[in-house]
1. Assuming 0.36 nm per residue, please report the length gained on full extension of the stretch Leu80 to His42 beyond their Cα-Cα distance.
2. Label 7 Å along Cα→Cβ of Trp4; segment 34-70 residues with amide nitrogen under 14 Å?
3. Sort the following peptides by mean Cβ neighbour count (other Cβ atoms within 10 Å, averaged over residues), highest first: 84-91, 151-158.
4. Loop-only trypsin sites (Lys or Arg not before Pro) in segment 1-96, please: DSSP not H, G, I, E or B, and at most 15 other Cβ atoms within 10 Å.
5. I want to verify a result. In a Gaussian network model of the chain, Cα cutoff 10 Å, which of these has the top mean-square fluctuation: Asp112, Asp97, Asp41?
6. Can you give the calculated 222 nm mean residue ellipticity of the chain, where each DSSP H run of n ≥ 4 adds -39,500 (n - 2.57) and the sum is split over every residue, rounded to the nearest 500 deg cm²/dmol?
7. Give me the angle, in degrees from 0 to 90, between the Cα long axis of helix 3-18 and the longest principal axis of the Cα atoms of the chain, rounded to the nearest 10.
8. Could the peptides 53-59, 24-30 be put in order, highest first, of the mean number of other beta-carbon atoms found within 10 Å of their residues?
Amino acid sequence: MRRWVVSIHLSFLAWTVFTLHHPALFIGGFLFFLAFTIATDHHQYAISLKSPLLVGFFLAGLVTHGGLQSWWISPVLSSLSEVPLFFGSMILTAFNDNAAITFLASQVPAFDPNLALDSVRSGRFQQAVVAGAVTGGGLTVIANAPNPAGQNLLSKYFGGNVSPLKLLAGAALPTSVMAVVFLVVPH
């Protein structure tokens, strides 16, 4: 790839970060980027947009529909203390995406230091949810195994059929080590 192409790609990246909160400029920059990649395709590698667009649609759906979940998620999560929040977040990563877990937790007013009566406590709740999601990161493989990309990546290690129980067994030790680190080591 030529240096001037890399420079223009970096410029588009900077433009994207700069215009993040201005949708018209953001989308306009993206459209110019697409036009640039098509016009200069002989100077660069092919760009695969399918996976990033699917992730973008997932996150857009999460933001759109996640806000509608606060009516039930707020009372449930507000009633938990830090340790159950940690373990709940960690276990849910086996069934759900980490981004979904942390975003849904962000919908709870008791976890927002600006809205909560006890900002120190709300900060500890936020930390418990994020630490649980990070700790259970290895378990996320179980949640993502049914999708085609997960199947493609993992099937060669399982003789064609991906086994959730074998994934759980493989993730158990690293997840346990991380749980000990987050729960025992002072932070």
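Nothing in this text is a laboratory measurement; each read-out follows from the coordinates by a stated rule. Just so we're clear, the structure is a prediction, and the values are computed from it rather than from any experiment. When we count neighbours, we look across all protein chains shown, and the Cβ atoms used for this are built from the backbone with ideal geometry, even at glycine.
1. 8.0 nm
2. Within reach of a label on Trp4, which here means backbone N under 14 Å from a point 7 Å along Cα→Cβ, segment 34-70 contributes 40-44.
3. 84-91, 151-158
4. Arg2
5. Greatest mean-square fluctuation among the candidates belongs to Asp41.
6. Rounded to the nearest 500, the figure is -22000 deg cm²/dmol.
7. 50 degrees
8. Working: 53-59: 11.7, 24-30: 13.6.
Averaged packing, sorted descending, gives the order 24-30, 53-59.
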